[in-house]
Amino acid sequence: MAEDDTPRDALQRDDEPLRVQNEQLRRELAELRQALARREPDPSSLPASPQRAACPDADGEQRREHAMRQAVDLLRAVVEAAPMMFFVKDTEGRYILANGYFLRWTGLTWDQIAGKTDHELFPRERADTFLASDSEALTTGRTIEWEESAVLPDGQLRHFAVIKFALRDANGELQGICGISTDISSSRRAEEENRLLQAEIIRAQEMSLRALSTPLMPIAKGVIVMPLIGNVDQRRAQRVLETLLTGIVTHEAGKVILDITGVPVVDTEVANALLRTAQAVKLLGATVILTGIQPKIAQTLVELGADLSSIVTRATLESGIAHALDR
């Protein structure tokens with residue numbers, strides 16, 4: 001040992017080759033481990049042992065069965081809770097399923113309908129209708145839809161939208177018929193109410209138009225005025241007559257002023273209507289005062305040979321009112 005070396009320095013020099021060798025060994029060990037990892041097979045790729053092959057994926061099978069049971073239970077809950085009638089019949093027409101809604105509306109229990117046909121449960125006429133729709137759905141393979149009305153056990157008349165379709169298994173074999181019936185009574189009531197309201201509106205509009213086309217105004221005791229504006233056809237002439245006769249009775253009128261200032265044309269039909277009106281008014285003990293006769297209208301009446309002898313005529317409405325009020 002050199003004079004200036006300490007014992008510690010001397011030991012480090014002696015250990016140096018050993019440290020280098022250990023480092024080399026650690027590197028080689030790491031490389032061996034990596035190579036081993038690359039050569040080691042994945043456990044999932046190993047062939048199944050005889051015991052494993054005999055019982056393939058038992059946990060997965062259980063999960064699938066559990067999921068299937070859950071799906072069936074969920075479907076059963078949906079059918080039972082749905083606010084509509086669900087029912088299933090086999091190919092012979094026997095009931096094999098019905099939800100609570102169906103039982104409540106029919107007033108039957110499951111024990112009463114299980115395995116029974118429609119002819120055993122309902123009147124013959126209704127059963128024949130059910131059977132006909134079943135047969136159509138089964139033979140055509142189409143979904144059948146229609147609406148029907150029925151008086152239920154509670155005595156109420158209800159309306160239903162019905163759907164029927166054939167049921168087949170996974171192999172396409174026919175299993176039976178499924179029906180879904182939805183109560184649409186509230187919708188039908190709303191439609192009927194809407195129809196009645198529309199009819200009432202039409203009547204009200206017609207009455208309003210009638211009042212506008214044949215206005216009747218009492219101007220004094222026993223005197224009423226009806227001014228006419230626009231063309232007068234047969235229908236309007238009839239309304240004029242009806243309104244006048246009703247007004248005479250209602251107002252106890254003795255004089256009726258019929259002003260035709262606003263009537264542009266008076267033809268044979270209008271002239272005859274005026275004559276019929278005057279005759280009818282006279283039968284009720286009243287007098288017709290015709291006002292507003294224009295020169296062209298007067299000429300037309302003369303050419304038509306209209307007999308206005310039973311009608312008092314005045315040139316203007318004012319003169320007609322003055323005549324009517326002349327006591």
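The values are calculated or read from the model by the stated rules, or taken from the named source; none is laboratory data. Every value quoted in this text rests on a predicted model; they were computed, and no experiment measured them. Quick reminder, even Gly has a Cβ in these numbers, built from the backbone with ideal geometry, and neighbours come from all protein chains shown. These accessible areas exclude ligands, DNA and RNA; they are computed on the full protein's heavy atoms, side chains included. Shrake-Rupley method; radii C 1.70, N 1.55, O 1.52, S 1.80 Å.
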Give me a count of the residues in segment 224-262 that are surrounded by fewer than 20 Cβ atoms within 10 Å (Cβ to Cβ) and within 17 Å of GLU318 (Cα to Cα).
5
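Can you tell me which residue is most open to solvent (accessible area, probe 1.4 Å) among those in segment 210-223 that are of a type in the set (A, V, I, L, M, F, W, C) and in a helix (DSSP H, G or I)? I'd like the intermediate steps shown before the answer.
To start, the set of residues in segment 210-223 that are of a type in the set (A, V, I, L, M, F, W, C) comprises 211-212, 216-217, 219-220, 223.
Those left that are additionally in a helix (DSSP H, G or I): 211-212.
Numbers: ALA211: 57, LEU212: 130 Å².
So, considering only residues that are of a type in the set (A, V, I, L, M, F, W, C) and in a helix (DSSP H, G or I), the one most open to solvent (accessible area, probe 1.4 Å) is LEU212.
Residue-wise test of (1) farther than 16 Å from ASP90 by Cα; (2) outside any strand (DSSP E or B); (3) open to solvent by 80 Å² or more (accessible area, probe 1.4 Å).
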{"position": "ALA137", "(1), (2), (3)": "no, yes, no"}
{"position": "ALA150", "(1), (2), (3)": "yes, no, no"}
{"position": "HIS159", "(1), (2), (3)": "yes, no, no"}
{"position": "GLY172", "(1), (2), (3)": "no, yes, no"}
{"position": "GLY176", "(1), (2), (3)": "no, no, no"}
{"position": "GLN198", "(1), (2), (3)": "yes, yes, yes"}
{"position": "ILE202", "(1), (2), (3)": "yes, yes, yes"}
Within segment 92-117, the residues that are in contact (Cβ under 8 Å) with a residue 12 or more places away in the chain, open to solvent by less than 70 Å² (accessible area, probe 1.4 Å) and touching a Ser or Thr at 6+ places or on another chain (Cβ under 7 Å) are GLY93
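Residues ILE248, ILE260, ILE311: which one is modelled with pLDDT of 80 or more, more than 15 Å from LEU216 (Cα to Cα) and not polar (S, T, N, Q)?
ILE311
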Considering segment 268-308, residues that are under 16 Å from LEU258 (Cβ atoms) and small (Gly, Ala, Ser), and then whichever is modelled with the lowest pLDDT, we arrive at ALA306
Subset of segment 75-91 [among the acidic types (Asp, Glu) and either surrounded by 14 or more Cβ atoms within 10 Å (Cβ to Cβ) or under 23 Å from LEU131 (Cα atoms) (or both)]:
ASP90
Of the conditions (1) at pLDDT below 90; (2) among the hydroxyl-bearing types (Ser, Thr, Tyr); (3) over 25 Å from the mean Cα position of the chain (by Cα), THR106 satisfies every one except a single condition; which number is it?
(3)
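Can you say whether GLY155 is modelled with pLDDT under 85 and either in a loop (DSSP other than H, G, I, E, B) or over 25 Å from the mean Cα position of the chain (by Cα) (or both), as far as the supplied structure shows? Spell out the reasoning first.
Working: modelled with pLDDT under 85: yes; either in a loop (DSSP other than H, G, I, E, B) or over 25 Å from the mean Cα position of the chain (by Cα) (or both): yes.
Judged against the criteria, GLY155 is a match.
Please report, ordered by residue number, the helices (runs of 4 or more DSSP H) entirely within segment 268-327 with at least 3 residues that are open to solvent by 20 Å² or more (accessible area, probe 1.4 Å) and more than 17 Å from MET226 (Cβ to Cβ). I'd like the intermediate steps shown before the answer.
Working: elements: 268-283, 295-304, 317-325.
Correct list: 268-283, 295-304.
Can we say LEU317 is on the phi < 0 side of the Ramachandran plot, among the aliphatic types (A, V, I, L, M) and touching a Pro at 6+ places or on another chain (Cβ under 9 Å)? Reasoning before the result, please.
Values: on the phi < 0 side of the Ramachandran plot: yes; among the aliphatic types (A, V, I, L, M): yes; touching a Pro at 6+ places or on another chain (Cβ under 9 Å): yes.
The answer is yes for LEU317.
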